[in-house]
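Here the structure is laid out as structure tokens; the discussion comes afterwards.
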Amino acid sequence: MADNDVQLPPDEASEATAEETRKAEPQFEEGFTLKTLLGAIFIALFMLPGGMYLGLVAGQGIGDAAEWVTIVLFAEVARRSYSPLRKQEIYILFYIAASLTAVVSVERGLAGGPFSQLIWNAYFSNSPAAAPIQGQIPDWATPAITSPAVVRRELWHPDWFKPIALLVVSELCGRLSWMGMGYALFRLTSDVEKLPFPYAPVAASGATALSEAGTESWRWGIFSTGTVVGLLFGVLYIGIPVLSGTLLGESITLFPIPFADFTTSVENFAPAAIVGISFSLGNLLVGFVLPFEIVAGAAVASVIGMILANPILHKMGMLPSYRRGSDALTTKLSVDMDFWLSVGIGINFAIALIGIYLIAGAVRTARKHRAESRFSLAPPAGRGDVPVWTALAAWAVSTLVQIVLCKVLVPNFPIWILVFFGLVWSPFNSYISARMIGLTGRGVSFPYLKEGSIVASGYQQVDIWYAPVPLVDHGWVAQRFREVELTGTKMSSILKAEAVMFPLFMVSSFVFWGFFWNSNALPNAAFPYAQQFWPIQAQLAAVIQQTNVPRGDGTGNHFMNAIKPMYIAGGTIFGVAAFMACQFLKIPLLAFYGFAGGLGLYPANTLPQLLGAWYGKKFLAKRFGAETWSRYAPVLLAGFFCGTGLVALLSISIALIGKAVAKLPY
């Protein structure tokens, strides 16, 4: 694992470590081959619908399971064909699996590709929360609620042509944008500034773990142990709810999803306290892998904020929206709107300011250490790079297309804001974020910049919220390309993989969501996560989409009422003070980031993670040795995800076959 005591600016030792890592990098080879092409088709046909279903049932993606199941299957087939997979091919399979099975929206449990957003738009436009703005939602976002395309749930209906065309163009521009700008940032932060990217070696080594399976048998032993545990847990946590929902029309859950909620049980002596416990074994195992400081900081912050502070705030009259009898999800929404939303914005501003301060210090240190060095943009020989100007041109063209598209769709919105977001702010923020990730493993963000700008613009229509506004942070891509470099994979392999994935991804997402939505009214009792969370998310989305819409009753918008400048200022001051205290007390920087990010999390999830982190550090690390355990834990977790993934895929396959025969009652 990376050193948890990361301090900034980087000292000579960290620079030397980074240099040693670079010297040990392998020769570059092609990773996109016929084997990986077949793997991409396999993932699109079998893993993508599994992730889609699992997200609706349990609110989690199938990404980790898809990666490991695909690798194990193809590695075994290749080995028995006397043509074992090279680690470059393994990494590309991981890359493809992670991209195709990523969760589009974690809060909504939406996976299965970009067409999930169209399904959400159709649900949202019909939801009670959207009633005040129902007539303002444009037909290029979703057809009218009276359209046969929505009533009969037919994604192939002509009324969907405009939303689908906009989705395809937006997805294509988005991929060109992040690949172009992300690659340029990688060349700048990695090749020129030679930042360490502390988490990139961890990700790269995990992606190539199975390439050593033939020589290091311990990996298979640990992996198989995790797989067996995952199989057993997956039957209870995923298999029974999915199969019972298919056979009976209503899911039977042995463990509460997403967690057991005791909020109403403690409201008499601790009103507004959000109390619960997650029974997902994955949380415990995730604690084995994450740095202890991050997990501990997040757990402490979530307990202080959601359990201890909320009753005090309620007694002080600072949580007027809270109502007794509310469950954890409703309580969380109310306390966020009353208090924690503004405080969270302030803390994020503090993190952004701290990031800029640390970057400035790192630049000064780098100048002192490398005053006589000559920087060059010339890439290493054989890495398969493309000219930087080509990457920047792809970014610029795709961004301009998005700006023009927004202007055509929303002609009255000020174009200078779109130009500023796309051509000025996004590259500036992306560079800051890429540099912070290169130094600490964590980026920076400026929360609610889009919402604030739209309100400040004076534009008073809902359609702007559905337009492809080019406000993005591409900083994360720099680490992705660094991982590619560490595995010895040619950069051209990523370009080939993306060129194949895009049409495959779009077609698969359309086919599976079209079939699935036509067979099921969403949400329903067969999908407990969607049934519980979608109404809450619809209510939150409706509030945000009315921030720029004037209200006739004079009460103002709920979201804007939730933005309290005094609380934001207090959150900013608190964040800076906490950082200074950590620096003074020599508390690891990762603990500060964990604490800052944990204030808005559910203790039901953070406490099991802390238990896992504590048990791993206190007992397992001592039993096996800290270094050995740090290698065991990721493989054990990967095996667990593989086991749960196998159960999920089997259960989901049975469910999809059942739905292909006849529609479920709803």
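Tabulated data for the structure shown
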item: Spans of helices (runs of 4 or more DSSP H) in the stretch 1-94 with at least 3 residues modelled with pLDDT of 65 or more and over 30 Å from Arg435 (Cβ atoms); result: 34-42, 48-58, 63-80
item: Residues being of a type outside the set (A, V, I, L, M) and closer than 8 Å to Ala613 by Cα - total across the stretch 292-315; result: 1
item: Test: residue in the stretch 573-591 that is modelled with pLDDT under 85 and either under 30 Å from Pro132 (Cβ atoms) or not acidic (Asp, Glu) (or both); result: yes
item: Filter result for Pro468 (within 20 Å of Leu118 (Cα to Cα) and free of Cβ contacts under 8 Å to residues at least 12 places away in the same chain); result: no
item: Of residues in the stretch 156-172 being under 20 Å from the mean Cα position of the chain (by Cα) and farther than 11 Å from Phe115 by Cα, the one surrounded by the fewest Cβ atoms within 10 Å (Cβ to Cβ); result: Leu172
item: Matching option when the condition is touching a Gly at 6+ places or on another chain (Cβ under 8 Å) and crowded, with 18+ Cβ neighbours inside 10 Å, among Ser302, Ser280; result: Ser302
item: Residue in the stretch 499-516 that is over 28 Å from Leu56 (Cα atoms) and touching a strand residue (DSSP E or B) at 6+ places or on another chain (Cβ under 9 Å) present; result: no
item: First in the stretch 233-249 and outside any helix (DSSP H, G or I), second anywhere and among the hydroxyl-bearing types (Ser, Thr, Tyr), Cβ under 9 Å, 6 or more apart; result: Gly249/Tyr666
item: Qualifying residue in the stretch 473-481 (condition: modelled with pLDDT of 90 or more, of a type outside the set (A, V, I, L, M), more than 20 Å from the chain's Cα centre (by Cα) and in a helix (DSSP H, G or I)); result: no
item: Matching residues in the stretch 126-176 - criterion: being among the polar types (S, T, N, Q) and closer than 18 Å to Trp534 by Cβ; result: Asn126, Ser127, Gln134, Thr142
item: The lone exception for Ala309 - which of (1) under 27 Å from the mean Cα position of the chain (by Cα); (2) part of a helix (DSSP H, G or I) it fails; result: (1)
item: Qualifying residue in the stretch 117-135 (condition: within 30 Å of Leu34 (Cα to Cα), part of a helix (DSSP H, G or I) and at pLDDT 85 or above); result: no
item: Residue match in the stretch 451-463 (condition: assigned to a helix (DSSP H, G or I) and touching a Gly at 6+ places or on another chain (Cβ under 9 Å)); result: no
item: Residue match in the stretch 99-119 (condition: under 27 Å from Pro411 (Cα atoms) and aliphatic (A, V, I, L, M)); result: yes
item: Candidate set: the stretch 261-289, residues that are over 24 Å from the mean Cα position of the chain (by Cα) and among the aliphatic types (A, V, I, L, M); chosen: the one nearest to Thr331 (Cα to Cα); result: Ala272
item: Test: Val266 is touching a residue at least 12 places away in the same chain (Cβ under 8 Å), surrounded by fewer than 22 Cβ atoms within 10 Å (Cβ to Cβ), not in a strand (DSSP E or B) and not polar (S, T, N, Q); result: no
item: Subset of the stretch 245-288 [of a type outside the set (A, V, I, L, M) and touching a Pro at 6+ places or on another chain (Cβ under 6 Å)]; result: Gly249, Ser251, Thr253, Pro271, Ser278, Asn283
item: Residues (of a type in the set (Asp, Glu) and modelled with pLDDT under 80) located in the stretch 182-200; result: Glu193
item: Close pairs (9 angstrom Cβ cut-off, 6 or more residues apart or separate chains): free of Cβ contacts under 8 Å to residues at least 60 places away in the same chain and over 12 Å from Pro470 (Cα atoms) in the stretch 414-431, part of a helix (DSSP H, G or I) and of a type outside the set (Phe, Trp, Tyr) anywhere; result: Pro414/Ser457; Asn429/Ala352; Asn429/Leu449
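The values are calculated or read from the model by the stated rules, or taken from the named source; none is laboratory data. Just so you know, these numbers come straight off a predicted model, no measurement behind them. FYI the Cβ positions are ideal-geometry reconstructions off the backbone, even for glycines, and counts take in every protein chain you see.
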